[in-house]
Structures are given as C-alpha cells and as structure tokens.
Amino acid sequence: MKAYGYVRVSTREQKEDRQVYAMRAFGVADGDIYVDKQSGKDFDRPNYVKLLRKLREGDTVVVKSIDRLGRNYQEILEQWRHITKGKGAAVVVLDMPLLDTRRDRDLTGTLIADIVLQLLSYVAQTEREYIRQRQAEGIALAKARGVRFGRPPRPVPAAFSSVLACWRNGGCNSRVAALTLGVSQYTFLKWAREASRLLEWKKIYFFCINRVDLFDIFFLCNFHF
C-alpha cells in the first residue's frame, strides 16, 4: 500500500511549494507526488491521470485541500467516488482531518467523512458561483459607466479611402487591399462594411434634409397664395 500526493495550481505562475511541503510532511515520497499546473475546470490533467493509473486498492491519495480534486460540487464528488469506490483506495484531505477514509477508521468515521465531503463541496461551489456573480455585476456596472473591455479598436489608416475605392472599382481584391494596409483580410472587409453603412446613413440623412427643405418651400408657397 502506497501513499500518493496530488498537487494542483491553477496557473503556471503559481508556486506549488506549500502543497508539496505538506505532502512530504505527511510522508509521501517525492517520486510519488504528482503536480499539475493548469485549471481544474475539467479533469484533462496529465499527471492526475497518471496517478489514477498507478493507484491500486488499499493505496491512499493525499491532497492539501478538497478543491484540488475539482472545481465544482459534482466533479469533486465524482472523483472522490472514483478513488474510494472505483479504485478501492483512500483519500486524505490534509486541511480537513475529518476527510480521511483510510481503512483503519471505523464506520462512523467514514460516514462522517462522506457527510462533511458533501457539505464542503457544496459550500465550495456556492462560493465560486457567488464570486462569478460579483464579477458579472462588476463588469455590468463598469460597462454602464462607459468602461470598455478587450483590446482597443485598431485605427483606420489614412490610405484606407484610396484602397477602398480601388477595391470597389475592381482594381484589386480584398486580399491585396488588406496586404496594402498591413491588416488581415477580415479587418479590411469589416472596415469596408462599416464604411458602406456610414455612406448609406449619410445618403439617408441628406435625403431627409432635402425633403424637409422642399416641404417647407411648398408649404410657404401654398400659405402665401
């Protein structure tokens, strides 16, 4: 029977030292500590998969905290059951001594571990959903204040008008036009569509202005006579 440690950090910039130190203090050998540096939003994690392949009945999986097994209530429970029921191994969560399913524990201890697991998993998911809700509300308020997110729009070069005229007259295709301006074909066509819409609005505007003037003249003439 062996003890394996699993360590996960959400980004490559984060350090795993604290979790690794906890594994060593528990007695897990360095060669049996598996580290993944990526988000836990799914279980497509190479070292976690390797750990599961090596896991045998009677072995133990050690994690620093329950959220190392997953990022939502359902995933944590699925992995917990896969390890304890499917593999016949035990799970030890160092930050929560009640979450310890090793065989030397009695039935009551195992039952308590299952209850605490479900409660903590639910609380962890609720907290993440609350954080996402606050983020969404903050973004909505920022947009209402005029804050723009993402990359700023690329300025249209001064040569765009002449290149656009060349493209409209059939003198060049959109790919050549884009290369001339130093942008992608998609960007050039987007600018061309925006220019066409602006031209249409200008035509509508001047048409309405001229119609108003003609109507005023007609009304004044009829009124005079």
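The values are calculated or read from the model by the stated rules, or taken from the named source; none is laboratory data. The structure presented is a predicted model; accordingly, all values stated were derived computationally and were not measured. So basically every Cβ, Gly included, is an ideal-geometry build from the backbone, and we count neighbours across all protein chains shown.
In this structure, Arg8 does not qualify as under 22 Å from the mean Cα position of the chain (by Cα), modelled with pLDDT under 85 and in the same structural domain as Leu117 (by TED's automatic domain parsing). Which of (1) surrounded by 13 or more Cβ atoms within 10 Å (Cβ to Cβ); (2) out of contact with any Pro (no Cβ under 7 Å at 6 or more places or on another chain) does Asn169 not meet, given it meets every other one? Checking Asn169 against (1) surrounded by 13 or more Cβ atoms within 10 Å (Cβ to Cβ); (2) out of contact with any Pro (no Cβ under 7 Å at 6 or more places or on another chain), the one that fails is (1). Close Cβ contacts (under 6 Å, 6 or more residues apart or on different chains) running from residues in the stretch 15-37 that are under 13 Å from Val63 (Cβ atoms) to residues that are part of a loop (DSSP other than H, G, I, E, B) and among the acidic types (Asp, Glu) comprise Val35/Glu16. Residues in the stretch 185-205 include at least one that is surrounded by 13 or more Cβ atoms within 10 Å (Cβ to Cβ), more than 30 Å from Glu75 (Cβ to Cβ) and at pLDDT below 85.
Just one residue in the set Val212, Val156 is more than 30 Å from Gly70 (Cβ to Cβ) and modelled with pLDDT of 80 or more; that residue is Val156. Only one entry of Gly182, Gly150 meets the criterion of being modelled with pLDDT of 80 or more, under 34 Å from the mean Cα position of the chain (by Cα) and on the phi > 0 side of the Ramachandran plot, and that entry is Gly182. Scan the stretch 170-200 for residues that are part of a loop (DSSP other than H, G, I, E, B) and without any contact (Cβ under 8 Å) to a residue 24 or more places away in the chain and jot them down. Hits for the stretch 170-200 are Gly170, Gly171, Cys172, Asn173, Ser184.
The criterion of being in contact with a strand residue (DSSP E or B) (Cβ under 8 Å, 6 or more places away or on another chain) and under 18 Å from Phe26 (Cβ atoms) does not hold for Asp95.
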